[in-house]
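Student: Pasting in a structure now, in structure tokens, and then I'll have a few things to ask.
The values are calculated or read from the model by the stated rules, or taken from the named source; none is laboratory data. Bear in mind that the values here come from a model prediction, so they are computed numbers and not experimental data. Neighbour counts run over all protein chains shown; Cβ positions are idealised from the backbone, glycine included.
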Amino acid sequence: MQMDTLADALTSILNAEKTGKKTVTVKPASKIIANVLRTIQRAGYLGELEYIENNRGGMFDIQLLGRINKCGVIKPRFPIQKDEFEDEERAYLPARGFGILVVTTSEGVMTHEDAKEKSIGGRLLAYIY
């Protein structure tokens, strides 16, 4: 029984990256997983995403680019204000300007840099570098 599907999805992506695979299948699919994967793809860490319906919740076929060193979810999902991103960057990312935090905001799922630019806060979902 899966308790956190987002954590399972990021773990399977990280394991496939470490073993040198070119593609990985993530299942089951959900809207939050789709939004997080698209955000990671826009940041340049993932290649093509393809949703496949299989009458069991669906799944994603993801093309890997070999750019992920580490990724994971942030639990509990801390609320964060627009001026607190620097503290969380220091806590979860290895260096300044290296990697992204994925944040869910009132305007959708985006990177912490986009949220800083738009001057909005939200909840931390994941980190990737």
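Student: Can you tell me which residue in the stretch 35-56 is nearest to L101 (Cα to Cα), limited to those that are without any contact (Cβ under 8 Å) to a residue 60 or more places away in the chain and among the small types (G, A, S)?
Tutor: G44
Student: Are there any strands (runs of 3 or more DSSP E) wholly within the stretch 34-81 with 1 or more residues that are modelled with pLDDT of 95 or more, surrounded by 14 or more Cβ atoms within 10 Å (Cβ to Cβ) and of a type in the set (V, I, T), and if so which?
Tutor: Filter on the stretch 34-81 gives 59-64, 71-73.
Student: Suppose we filter the stretch 1-21 for residues that are surrounded by 12 or more Cβ atoms within 10 Å (Cβ to Cβ) and either without any contact (Cβ under 8 Å) to a residue 60 or more places away in the chain or charged (D, E, K, R) (or both); how many remain?
Tutor: 9
Student: In the stretch 1-27, how many are hydroxyl-bearing (S, T, Y), within 15 Å of the chain's Cα centre (by Cα) and over 17 Å from G58 (Cα atoms)?
Tutor: 1
Student: Now for a different question. Quick one: how many residues across the stretch 91-129 are surrounded by fewer than 20 Cβ atoms within 10 Å (Cβ to Cβ) and either over 28 Å from S12 (Cβ atoms) or among the hydroxyl-bearing types (S, T, Y) (or both)?
Tutor: So the count comes out to 14.
Student: Sort through K31, K27 and tell me the only one that's of a type in the set (K, R), buried (at least 16 other Cβ atoms within 10 Å of the Cβ) and closer than 21 Å to V109 by Cβ.
Tutor: K27
Student: Hey, does the stretch 93-113 have a residue that's at pLDDT 95 or above and at positive phi?
Tutor: Yes, some residue in the stretch 93-113 is at pLDDT 95 or above and at positive phi.
Student: For the stretch 108-129, enumerate the residues that are within 15 Å of the chain's Cα centre (by Cα) and without any contact (Cβ under 8 Å) to a residue 24 or more places away in the chain.
Tutor: Within the stretch 108-129, E113, D114 meet the criteria.
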